[in-house]
Amino acid sequence: MSVPQYDWVDHGHRSAGDTASRTPWRAIARYGVRPGPGGLALVHDFLNTRATQENGADLLGDAMRATQWMRTAIRAWARANSRHYPLQPLTDHDAQRLRKLRDTLLTSLTGVPADLQTVGAATFTLAETGEMSWAPSGAGWRWIYGAILGEVLLSQRTGTWRRLKRCQHEACRAVFYDSSWNNSAVWHNPGMCGTAIQTPEQR
């Protein structure tokens, strides 16, 4: 199934405010980077919801913010994949659970094994043609866990997960998708973060 195309910005070409209103990936837009391919864009956006000094509040900081994030990112992902998505607002407990998952996945990007003590839920369907399909199930944080962890699993199988990285500039730490041919990028924006950590002799 094809994924709808949206207008994205390249590094540093437009401000986050210019793009946030034109894309469901609000968290990614704050950094001015392109989303990961297909369903990985949902995970990519989720990981960039954390608060930063330059880019604003935690998009999962409370029930209201988490619900707002869900109604854009999750809705876009569900519609692109012809899935139903939850309509009820999230609670503060849901938001807390989502922040915990985010922290765990961010840690896993650094190569540290993730410790997921609580997982989401998914249902699997086998069609008459033998084709297997899956969909998140449950409600609240459990449904979102199912959607996100399902996409993480798929991206690990296709090899795109290893291209999702955290910017090595400590003051930034944005999550970006490395589309370089040899998967060697270390900064989400070399012109900004790469230059910022260079010594005067290196510039």
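The values are calculated or read from the model by the stated rules, or taken from the named source; none is laboratory data. Just so it is clear, the structure is predicted and the values come from calculations on it, not from any experiment. Please note: Cβ atoms are built from the backbone with ideal geometry, for glycine as well, and neighbour counts cover all protein chains shown.
Considering each of 12, 17, 32 in turn, give the residue that is farther than 18 Å from residue 120 by Cβ, assigned to a helix (DSSP H, G or I) and either touching a Gly at 6+ places or on another chain (Cβ under 8 Å) or at pLDDT below 90 (or both). Step through it out loud before you land on a result.
On the way: 12 fails: assigned to a helix (DSSP H, G or I); 32 fails: assigned to a helix (DSSP H, G or I).
Exactly one residue qualifies, and that residue is 17.
Listed here are the residues, each with its yes/no results for (1) closer than 30 Å to residue 88 by Cβ; (2) buried (at least 18 other Cβ atoms within 10 Å of the Cβ).
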residue: 131; (1), (2): no, no
residue: 134; (1), (2): yes, no
residue: 140; (1), (2): yes, yes
residue: 149; (1), (2): yes, yes
residue: 158; (1), (2): no, no
residue: 171; (1), (2): no, no
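Would you mention how many residues in segment 138-151 are in contact with a strand residue (DSSP E or B) (Cβ under 9 Å, 6 or more places away or on another chain) and in a helix (DSSP H, G or I)? I'd like the intermediate steps shown before the answer.
Pass one, segment 138-151, residues in contact with a strand residue (DSSP E or B) (Cβ under 9 Å, 6 or more places away or on another chain): 138, 142-150.
Restricting the remaining residues to those that are in a helix (DSSP H, G or I) gives 142-150.
Counting residues in segment 138-151 that are in contact with a strand residue (DSSP E or B) (Cβ under 9 Å, 6 or more places away or on another chain) and in a helix (DSSP H, G or I) gives 9.
For residue 7, only one of the following conditions fails: (1) charged (D, E, K, R); (2) touching a Phe, Trp or Tyr at 6+ places or on another chain (Cβ under 9 Å); (3) at pLDDT below 75. What is its number?
(2)
Given the structure, is residue 49 of a type in the set (Ser, Thr, Tyr), within 22 Å of residue 89 (Cα to Cα), modelled with pLDDT of 95 or more and touching a helix residue (DSSP H, G or I) at 6+ places or on another chain (Cβ under 6 Å)? So that I can check it myself, show each step before the final result.
Working: of a type in the set (Ser, Thr, Tyr): yes; within 22 Å of residue 89 (Cα to Cα): yes; modelled with pLDDT of 95 or more: yes; touching a helix residue (DSSP H, G or I) at 6+ places or on another chain (Cβ under 6 Å): yes.
Yes.
Consider segment 80-98. How many of its residues are touching a residue at least 12 places away in the same chain (Cβ under 8 Å), assigned to a helix (DSSP H, G or I) and either surrounded by fewer than 19 Cβ atoms within 10 Å (Cβ to Cβ) or of a type in the set (Ser, Thr, Tyr) (or both)?
Number of matching residues: 3.
Restricting the search to segment 46-74, which residues are in a helix (DSSP H, G or I) and either surrounded by fewer than 15 Cβ atoms within 10 Å (Cβ to Cβ) or among the aromatic types (Phe, Trp, Tyr) (or both)? Even if it seems obvious, please write down each step before you answer.
From segment 46-74, those in a helix (DSSP H, G or I) are 46-47, 63-74; that's our starting set.
The answer is 46, 64, 69.
Take the conditions touching a Phe, Trp or Tyr at 6+ places or on another chain (Cβ under 7 Å), of a type outside the set (Phe, Trp, Tyr), under 25 Å from residue 33 (Cα atoms) and in contact (Cβ under 8 Å) with a residue 12 or more places away in the chain and apply them to residue 66. Does it pass?
Working: touching a Phe, Trp or Tyr at 6+ places or on another chain (Cβ under 7 Å): no; of a type outside the set (Phe, Trp, Tyr): yes; under 25 Å from residue 33 (Cα atoms): yes; in contact (Cβ under 8 Å) with a residue 12 or more places away in the chain: yes.
Answer is no for this residue.
Closer than 22 Å to residue 49 by Cβ, at pLDDT below 95, touching an Asp or Glu at 6+ places or on another chain (Cβ under 7 Å) and of a type outside the set (S, T, N, Q): is that true of residue 146 in this structure?
On the way: closer than 22 Å to residue 49 by Cβ: yes; at pLDDT below 95: yes; touching an Asp or Glu at 6+ places or on another chain (Cβ under 7 Å): no; of a type outside the set (S, T, N, Q): yes.
Against the criterion (closer than 22 Å to residue 49 by Cβ, at pLDDT below 95, touching an Asp or Glu at 6+ places or on another chain (Cβ under 7 Å) and of a type outside the set (S, T, N, Q)), residue 146 does not qualify.
Does residue 186 qualify as being within 18 Å of residue 81 (Cβ to Cβ), of a type in the set (A, V, I, L, M), modelled with pLDDT under 95 and within 20 Å of the chain's Cα centre (by Cα)? Before you say what the answer is, go through the steps one by one.
Details: within 18 Å of residue 81 (Cβ to Cβ): no; of a type in the set (A, V, I, L, M): yes; modelled with pLDDT under 95: yes; within 20 Å of the chain's Cα centre (by Cα): yes.
For residue 186, the condition - within 18 Å of residue 81 (Cβ to Cβ), of a type in the set (A, V, I, L, M), modelled with pLDDT under 95 and within 20 Å of the chain's Cα centre (by Cα) - is not met.
Looking at residue 135 and the list (1) of a type in the set (A, V, I, L, M, F, W, C); (2) farther than 26 Å from residue 164 by Cα; (3) part of a strand (DSSP E or B); (4) at pLDDT 85 or above, which single condition is not satisfied?
(2)
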